[in-house]
1. So which residues in the stretch A:184-225 are part of a loop (DSSP other than H, G, I, E, B), under 17 Å from A:THR236 (Cα atoms) and within 14 Å of chain B (Cβ to nearest Cβ), if there are any at all?
2. Given the conditions (1) touching a Ser or Thr at 6+ places or on another chain (Cβ under 7 Å); (2) closer than 30 Å to B:GLU138 by Cβ, report the number of the one that B:THR23 does not fulfil.
3. So A:GLU104 ticks every box in (1) away from chain B (no Cβ under 14 Å); (2) touching a helix residue (DSSP H, G or I) at 6+ places or on another chain (Cβ under 8 Å); (3) not aliphatic (A, V, I, L, M) but one. Which box is left unticked?
4. Take A:SER297 and decide whether it is part of a helix (DSSP H, G or I), in the same structural domain as A:ASP440 (by TED's automatic domain parsing), modelled with pLDDT of 95 or more and over 15 Å from the mean Cα position of the chain (by Cα).
5. When you scan the stretch B:325-334, do you find a residue that is outside any loop (DSSP other than H, G, I, E, B), among the β-branched types (Val, Ile, Thr) and surrounded by fewer than 21 Cβ atoms within 10 Å (Cβ to Cβ), even just one?
6. Go through the stretch B:388-410 and give me each residue that's at negative phi, part of a loop (DSSP other than H, G, I, E, B) and either of a type outside the set (A, V, I, L, M) or more than 17 Å from the chain's Cα centre (by Cα) (or both).
7. Could you list all residues from the stretch B:132-181 that are surrounded by 21 or more Cβ atoms within 10 Å (Cβ to Cβ) and assigned to a loop (DSSP other than H, G, I, E, B)?
8. For A:GLU265, state whether it is of a type in the set (Asp, Glu) and touching a Pro at 6+ places or on another chain (Cβ under 7 Å).
Protein chains: 2
Amino acid sequence: MNHTLDSFRSYLKEMNYYSRACTLLSWDMYTATPKLGFQGMADALTFFSTKHFTLSTSDELLSMLEALSVPEEYDQLDEGMKYTVRTMLRDLRKMRRVPKDFFEAFIAEQSLSMQAWEEAKRTSDYSLFAPHLEKLIEMTRQQCAYTDPDRECYDVLLDKYEEGMDSESIDRVFTELRDGLLPLLKKILAHPLPESRIYQGTYDADAQKKVQELLLGYIGFSFEAGTTAESEHPFTSGFSRYDVRVTNHYYEHDPISAMFSAIHEGGHAIFEQNVDPALEGTAADDCCYMGIHESQSRFFENILGRRKSFWVPVYSRIQELLPDLKDIPLDEFVQEINHVRNSFIRTQADEVTYCLHIILRYEMEQEIFRNHASVDSLPALWNEKMQKYLNLTPENDSEGILQDMHWSDASFGYFPSYLLGNIYDGMFLEAMEKDLGPIDPLLESGQIHLCREWLNEKIHKYGCLRLPREVIANVCGQELSAAPLLRYFTDKYTKICGLE
Amino acid sequence: MNHTLDSFRSYLKEMNYYSRACTLLSWDMYTATPKLGFQGMADALTFFSTKHFTLSTSDELLSMLEALSVPEEYDQLDEGMKYTVRTMLRDLRKMRRVPKDFFEAFIAEQSLSMQAWEEAKRTSDYSLFAPHLEKLIEMTRQQCAYTDPDRECYDVLLDKYEEGMDSESIDRVFTELRDGLLPLLKKILAHPLPESRIYQGTYDADAQKKVQELLLGYIGFSFEAGTTAESEHPFTSGFSRYDVRVTNHYYEHDPISAMFSAIHEGGHAIFEQNVDPALEGTAADDCCYMGIHESQSRFFENILGRRKSFWVPVYSRIQELLPDLKDIPLDEFVQEINHVRNSFIRTQADEVTYCLHIILRYEMEQEIFRNHASVDSLPALWNEKMQKYLNLTPENDSEGILQDMHWSDASFGYFPSYLLGNIYDGMFLEAMEKDLGPIDPLLESGQIHLCREWLNEKIHKYGCLRLPREVIANVCGQELSAAPLLRYFTDKYTKICGLE
């Protein structure tokens, strides 16, 4: 027994080396690799991914996992190892039901499809992407049929990104949210705010980088266990709790984008930096639930980061770094970061309309996987929903159905996790204020660390030991509900817009 | 046959993936890894290095190389593959004569020794390093006895870094140089230059970075096939001709250090970026001769970079980026970058006294490997030679025998390649001016690309297909000699110091 456990630990270590190589190659490709060096890195990434995949589906691994799964062995494992054995065995069995030829063809199609999507988006020509999208949908269905023959495909997809959240639960909370949000949004938009002078300034990239370091330090990102870089789109990449990295992108006339990317990615990173060290090297040592992960980035970005009290301790230092902000008083800055506008692009949306962007995508995915909507009908369906929810019709598909990359690599089922994150946050905020009291006075007096420590203790340290539904139950003591998020929006925007 | 060649090519590709992983891990450790993430990267580096070593000494590789080495097969290979088969078989046979236990013990000792050296240097306590140095010397001898039982150990070591250059040749040119240099240095130092005002200024790191980009672009570094980063000590790291990277370090009150590091590392990188694409993936696709490699970095750094004509096209742009240089006229800047001073630290030495720093180290290595000097006697020997050549006695061993890391990881025999690089450069300069005419007018009129293209064509494109001695013969049409370097020094400093 001890022998099997030892062998298993060594095997995990070797798998970790390969996944580390993949993470590092990919990190480098997005942050450093020069144009002509890209192919060399991509080839190496394919090589090491294949090695990792081979290790994760091998007969040797299967027999170790089976040996460790018998009750008399399993019961002696610690919690991290239990999680690891259980989930790896489940995933390995699923993956071994997928024929190798099919798997390779699917990967190859994803790569072609991504290229086609890029070209389609660039030229705003949906017809270039449509045949690939059709093939990806078909192959996704096929893959689900192999891995989970007894379950409905879209539930399998949802489960992949947010385990245990099926479409019944999601339907319920999304509908609750949508029905509360649409009338509120109407009221908010009836009281339009003035346009800000912020975007008339010029903001040096090096100075914006200093602001990012300041904000990361302020929210509690550890620079001993993390670093930063630039990339086209901001992202977070973690090797272990000891090395979690965030990227950013700086826009000359928009200092707000990089500040909120820093806080958002910093939130992801703070999660990973605070997983219990005892879980290191197990499969539970980061958070694999996208909704929970997203709830942490968005808690920092929206729940904390869009309050005036958050900025009180740091705004004057930021003004020193970005001289063109000196004429903008804190109140004007805070007004702009809470400016609600209907807009086409999800990633640029404010926290209120963002929810509707996701609901739209969730409904689209249901049309595809539940109602078998034809690929040709999707752009019109998209535009119809945009009109219905955001009162806008895209002028072209680039600012409509082609805007996101998620469907081009078959990440169907991913979008809902963004909004689940927001919904969890409404619940977490109420739980936090129950424990700590109102958070505005804490933030204003520079005690943001109390909020972070609360999240560390209640959520981060568990990595992915607890399922999303268990996290909610343990932290909030109640069932999943959109009501807290709706209360948060209503209270906040009633004040901001001077609604009665 | 074709089958063996195909298998060999696939095998090489796999080896390349592992060495790419090692290069990338190590690049990341020096440029990005946060403090707490270091151990994770180091463990992965050990794992992938071991994988690479296993592949490079396997029975499978041996039998492929033997099959490709029989004349009827070998003769059909192209030049790059001939080089690859020949050198890999030679190195594999050598490495297989080293017992595995010994090899592992040697690697482990190097790692311990490096740690001991760091501590010894920090505390200036040679006694902490001495027992490790003794062990490394003994193990180095043992390793040579395994790999090359019939050759003298120090020649084996020299050969490792500059193939074909034995100590007889090196003795001859180093003695020639030393005997010419000492009287010249005496004359130079008898006409001391005024101290520069440059070091009274303050130079922003971001601005120095922009200067580096400017200089790299100016000398012909390709940003499509390369990038830059910061590290404690500047270095160059290449994945292939399509991805070569240089690092730099910025000092607040010394703008010259980073400028010359940029030019030096840029010279290394330009070499690697211009190897013949046909050699890609073979063992000949970068330059493995340290003297030749160093000759290229130093040609840019010293032969071109210390001339006034080099700076004429760019100095005013640099002054714009570094405002504290605006008061420093070009002539004062050029005077400072050619200021000769006796000093303790090799890496901070000017181009003239640098030669003596290397001769001292070469003589020390001869004392160790030829004359079996005891480890305890080395610090005194070092100080004696410092007095003899540079008229200085170190106050402590940190600024004496402990200053360089080379001996702490058993890189005995490496130092001479630095000076060989300088000596080659004297010869290359004469050959270049024979072809292109005097280079000052070229540089002054912004035609530095003609010099670079000459080096590309004469040296870079061959990668390591030609041995150093062949490069010299082909490019210069004469035997290795220190006379051209001496002529260069004499002409230059006669003018600068107003000697008659």
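1. Keep residues of the stretch A:184-225 that are part of a loop (DSSP other than H, G, I, E, B), which gives A:190-197, A:201-204, A:220-225.
Pick out the ones that are also under 17 Å from A:THR236 (Cα atoms) and you get A:220-225.
Once the filter is applied, which keeps residues that are part of a loop (DSSP other than H, G, I, E, B), under 17 Å from A:THR236 (Cα atoms) and within 14 Å of chain B (Cβ to nearest Cβ), the stretch A:184-225 yields A:PHE221, A:SER222, A:PHE223, A:GLU224, A:ALA225.
2. Of the numbered conditions (1) touching a Ser or Thr at 6+ places or on another chain (Cβ under 7 Å); (2) closer than 30 Å to B:GLU138 by Cβ, the odd one out for B:THR23 is (2).
3. With (1) away from chain B (no Cβ under 14 Å); (2) touching a helix residue (DSSP H, G or I) at 6+ places or on another chain (Cβ under 8 Å); (3) not aliphatic (A, V, I, L, M) applied to A:GLU104, the lone miss is (2).
4. no
5. Taking the stretch B:325-334 first, the residues outside any loop (DSSP other than H, G, I, E, B) are B:325, B:330-334.
If we keep only those that are among the β-branched types (Val, Ile, Thr) too, we end up with B:334.
Now drop any that are not surrounded by fewer than 21 Cβ atoms within 10 Å (Cβ to Cβ), which leaves B:334.
Yes, the conditions are met somewhere in the stretch B:325-334.
6. Initial filter on the stretch B:388-410 (at negative phi): B:388-390, B:392-409.
Subsequent filtering for residues that are part of a loop (DSSP other than H, G, I, E, B) retains B:392-396, B:400-405.
Passing the criteria: B:LEU392, B:THR393, B:PRO394, B:GLU395, B:ASN396, B:GLY400, B:ILE401, B:LEU402, B:GLN403, B:ASP404.
7. B:GLU162, B:MET165, listed by residue number.
8. Numbers: of a type in the set (Asp, Glu): yes; touching a Pro at 6+ places or on another chain (Cβ under 7 Å): yes.
So A:GLU265 passes the test.
The values are calculated or read from the model by the stated rules, or taken from the named source; none is laboratory data. Source: prediction; values computed, not measured. Please note: Cβ atoms are built from the backbone with ideal geometry, for glycine as well, and neighbour counts cover all protein chains shown.
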